[in-house]
Amino acid sequence: MMIDKTQPAAASIAPEPAKKKKKRGLAIQREVAVLLAMIVFNLIFTQHFVSLQTFNVNLTQVVTIVIVGIGMTMVVATGGIDLSVGASMAIAGALAPMLFMNIEGPLGILLAFTLPILAAAVCGVFNGFLVTRLNVQPIVATLVLFIAGRGIAQVVTDGSLQAFTNPAFQWIALGKIAGVPFQILLMLALVALFTWIVRKTLFGKYLLVTGGNEDAAYLSGIPTARVKMIAYTVCAALAGLAGLISISVNSSSDANVVGLGVELDAIAAVAVGGTALTGGKAYITGTLIGALIIQLLRYTLLAHGIPDAAALVLKAAIIIAAVYVQRKRG
């Protein structure tokens, strides 16, 4: 008989031990040291590195990776993985232009921001259902939408490029507040919000305990299936938001390329940021730092004439190295 893990008993979660806080601090310090070393290298050897344009370009290019990485961190913390985030981006990116180009005025803009993110969230619910109800392995469950999701986006758009110019919609990516791009402020706000959720809320504690030992968590009264469902839904919704930012930057939506390969970047950012891919940990600020390291690595390679294709190989190597380091630490 299958145990229903959605119905909790009474449970209490102890505060985070000081030892764990210290370990988290040391992990973040290591990532910061790597980032600073790369910055120093570029200051010495890379021309035109010290400029406002270089700073803005690197930060804006990392925004979508960080936003998707936040959701990926939540899923990985439960012991899972989500390979379908790129497809969720493509679905949201395909729906938004259809709404604001066919519905005029503020209503069209409002729907273009809400319905695509809700559609992406539905993808997360689907992933969560396969994982929690049908007991499908996360990598297999999310592989379904990894393949079919982009096909859905292509069917919705009939495989054609949707070009547009809509300042009201594109403000999410091109707007500025006090000279700072709004998308950067949004990214930082999400990092702060989810850092607080993971560290200070009951759900955050449930998330980590579920990933650390799911059976023990359930026996302690934690609704582990519900926790996983929320994690996958949040991950997909954040991917949908990242999809809106992506098409806003490019002034076009192409279901063939929106979100393509972002799952590798997000997983790499999570791994480099110190979140164990085996679950039980979630370092949101680490994911931000990991994404910055990956972006700066790519920038450094391009600045020194190394083809962008080499970055793909290095990303894969980084994931392997990060997993190896995590195992040694464990």
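Set side by side, the residues THR78, THR114 differ, and just one is more than 15 Å from the chain's Cα centre (by Cα) and at pLDDT 95 or above, which is THR114.
Selection of region 20-42 for residues being at pLDDT below 70 and of a type outside the set (Val, Ile, Thr) yields LYS20, LYS21, LYS22, LYS23, ARG24, GLY25, LEU26, ALA27. Whenever a residue of region 311-323 is over 13 Å from ILE267 (Cβ atoms), its partners that are among the charged types (D, E, K, R), lying with C-beta atoms within less than 9 angstrom and at least six residues away or across chains, give the pairs ALA311/ARG298; LEU314/ARG298.
For region 307-319, filtered to residues that are closer than 21 Å to ILE81 by Cβ and in contact with a helix residue (DSSP H, G or I) (Cβ under 9 Å, 6 or more places away or on another chain), the residue that is surrounded by the fewest Cβ atoms within 10 Å (Cβ to Cβ) is ALA316. Just one residue in the set PHE194, PHE203 is out of contact with any helix residue (DSSP H, G or I) (no Cβ under 6 Å at 6 or more places or on another chain) and either in a helix (DSSP H, G or I) or under 24 Å from SER88 (Cβ atoms) (or both); that residue is PHE203. Within region 96-109, not a single residue is surrounded by 22 or more Cβ atoms within 10 Å (Cβ to Cβ) and assigned to a loop (DSSP other than H, G, I, E, B).
Just one of (1) over 19 Å from ASN102 (Cβ atoms); (2) without any contact (Cβ under 8 Å) to a residue 24 or more places away in the chain; (3) crowded, with 16+ Cβ neighbours inside 10 Å fails for LEU115. It is (1).
Exactly one residue out of LEU302, LEU297 is aliphatic (A, V, I, L, M), out of contact with any Ser or Thr (no Cβ under 9 Å at 6 or more places or on another chain) and under 24 Å from VAL76 (Cα atoms): that is LEU297.
When the criteria are applied in full, THR157 meets the requirement of being modelled with pLDDT under 95, touching a helix residue (DSSP H, G or I) at 6+ places or on another chain (Cβ under 6 Å) and of a type outside the set (Gly, Ala, Ser). Considered as a group, the residues in region 52-89 that are under 21 Å from ALA303 (Cα atoms) and aliphatic (A, V, I, L, M) include one that is surrounded by the fewest Cβ atoms within 10 Å (Cβ to Cβ), and that residue is LEU52. Just give me the residues in region 275-312 being part of a loop (DSSP other than H, G, I, E, B), closer than 19 Å to LEU193 by Cβ and among the hydroxyl-bearing types (Ser, Thr, Tyr), in sequence order. Once the filter is applied, which keeps residues that are part of a loop (DSSP other than H, G, I, E, B), closer than 19 Å to LEU193 by Cβ and among the hydroxyl-bearing types (Ser, Thr, Tyr), region 275-312 yields THR275, TYR283. Looking across LEU185, LEU134, LEU130, one residue alone is surrounded by 14 or more Cβ atoms within 10 Å (Cβ to Cβ), more than 21 Å from ILE267 (Cα to Cα) and either without any contact (Cβ under 8 Å) to a residue 60 or more places away in the chain or among the basic types (Lys, Arg) (or both). It is LEU185.
Results for (1) out of contact with any strand residue (DSSP E or B) (no Cβ under 6 Å at 6 or more places or on another chain); (2) farther than 27 Å from ALA87 by Cβ; (3) not in a helix (DSSP H, G or I); (4) not basic (Lys, Arg), shown as yes or no for each residue.
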residue	(1), (2), (3), (4)
LEU145	yes, no, no, yes
GLY149	yes, no, no, yes
ASP158	yes, no, yes, yes
ILE172	yes, no, no, yes
ALA189	yes, no, no, yes
ALA216	yes, yes, no, yes
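Only residues that are closer than 29 Å to ALA94 by Cα, more than 12 Å from the chain's Cα centre (by Cα) and surrounded by 24 or more Cβ atoms within 10 Å (Cβ to Cβ) were counted across region 249-292, and they come to 4. MET38 meets all of the listed conditions (1) in contact with a Leu (Cβ under 6 Å, 6 or more places away or on another chain); (2) in a loop (DSSP other than H, G, I, E, B); (3) of a type outside the set (Asp, Glu) but one, namely (2). Of the residues GLY179, GLY211, GLY204, the single one that is over 20 Å from ALA119 (Cβ atoms) and modelled with pLDDT under 95 is GLY179. The residues of region 211-225 that are out of contact with any Lys or Arg (no Cβ under 7 Å at 6 or more places or on another chain) and of a type in the set (S, T, N, Q), listed by number, are ASN213, SER220.
The values are calculated or read from the model by the stated rules, or taken from the named source; none is laboratory data. Values in this document were obtained by computation on a predicted structure and should not be read as measured data. Here Cβ is always computed from backbone atoms with ideal geometry, including for glycine, and neighbour counts include all displayed protein chains.
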